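Accompanying notes for the structure given below.
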């Protein structure tokens, strides 16, 4: 029955993908759309299987824990849908609402898990609680994100549709981590839809209340699972708006907002102790350090001050942008990650000597690089486990690499 249901849903969603206008307006043929959809499904299945190799994966691997925990929620959805929806706001154990960035005694930390459990519960109701059938639903939903990004980049860099598509989908860590049933694919999809709405609203000079409300809704949907992404995205969106409205040199708006945001981030404690955001980052870092792990990276002690963050910044960016080194290979997984990093730096080097356009004259590209830089820095400051870093950084690879790949003069390099 599982195989039959898988085939039925697969055929239905392949057909549906070719009928959705949002997908068709990318300019890709039906064969490409179905191929990309099947690629995500294959990656999602590989992700689920890979997690079963973890000892006691039912409770140790988040994607499977979502699946098993969703059984009770599925029953609740079937018999009491109102309680199913309102249950996401429940705080029965009285955990603190104020511990926004903490993983201990925090409603917000539990909400990250419950958020995904609720989504998987809907999948389970439709699939009869079959994990690999759920992958089809998840892959279809999260296909909107990369295709939204492709549409934006194809408008910014015309006549490079296939190059943009391949560059978006075929970085191994991105397709693997964003296709597994976890938070990463959801965050990338929501963030890319925000970028899509902003970009085309500015292009058409129609950033109206409807678009603003939709962007706010998407931000609210990101907040429960990745609140630090919202922390970087909101100032970035404001800088993007300023750049389009008031500045000919777009980068100046982003520089001004970055300086002001940094002052607020580090100076909030002088307004009220609860606004001491650097302390929250330090606390989160200590919680990750306690987890240890086989891929633990020693790091300088993080201090809750501007100087402390500045001292740790080079090491943090090294962890997120250069590790694992080729000399750190301890498994095929690390070997693939090391090769991907080498490829990224090789492409960046080629771009430096052979670019045929300046991607940073576009506000959207500055936005992509600025939020990616901030979030990669935060990841490096907070997370000392290399395995987790590889997963967290994966969704930002297209944002950084696609504009670079699109502005390389491939004819000079004779690599095409």
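Numerical summary
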read-out	value
Criterion: in contact (Cβ under 8 Å) with a residue 24 or more places away in the chain and within 30 Å of residue 405 (Cβ to Cβ) - qualifying residue of 342, 302, 297	297
Residue ID - nearest to residue 372 (Cα to Cα), chosen from residues in region 313-335 that are under 24 Å from the mean Cα position of the chain (by Cα) and assigned to a loop (DSSP other than H, G, I, E, B)	322
Residue check for residue 258: assigned by TED's automatic domain parsing to the domain that holds residue 396, under 22 Å from the mean Cα position of the chain (by Cα), within 15 Å of residue 186 (Cβ to Cβ) and in contact (Cβ under 8 Å) with a residue 24 or more places away in the chain	no
Conditions (1) surrounded by fewer than 22 Cβ atoms within 10 Å (Cβ to Cβ); (2) at pLDDT below 95; (3) over 26 Å from residue 340 (Cα atoms): number failed by residue 116	(1)
Selected residue (criterion: surrounded by the fewest Cβ atoms within 10 Å (Cβ to Cβ)) from residues of region 3-21 that are touching a helix residue (DSSP H, G or I) at 6+ places or on another chain (Cβ under 7 Å) and over 13 Å from residue 126 (Cβ atoms)	18
Inter-residue pairs, beta-carbon under 9 Å, first assigned by TED's automatic domain parsing to the domain that holds residue 381 and on the phi > 0 side of the Ramachandran plot and in region 265-293, second in a helix (DSSP H, G or I) and surrounded by 12 or more Cβ atoms within 10 Å (Cβ to Cβ), 6+ apart	293/386; 293/387; 293/388
Residue within region 39-55 that is more than 24 Å from the chain's Cα centre (by Cα) and surrounded by fewer than 17 Cβ atoms within 10 Å (Cβ to Cβ) present	yes
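Matching residues to (1) buried (at least 16 other Cβ atoms within 10 Å of the Cβ); (2) outside the structural domain of residue 147 (by TED's automatic domain parsing); (3) under 29 Å from residue 257 (Cβ atoms):
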position	(1), (2), (3)
305	no, yes, yes
318	no, yes, yes
324	yes, yes, no
328	no, yes, no
348	no, yes, yes
356	no, yes, no
384	yes, yes, no
392	yes, yes, yes
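The values are calculated or read from the model by the stated rules, or taken from the named source; none is laboratory data. Computed from a predicted structure; not experimentally measured. Heads up, the Cβs are rebuilt from the backbone with ideal geometry, glycines too, and the neighbour counts pull from every protein chain shown.
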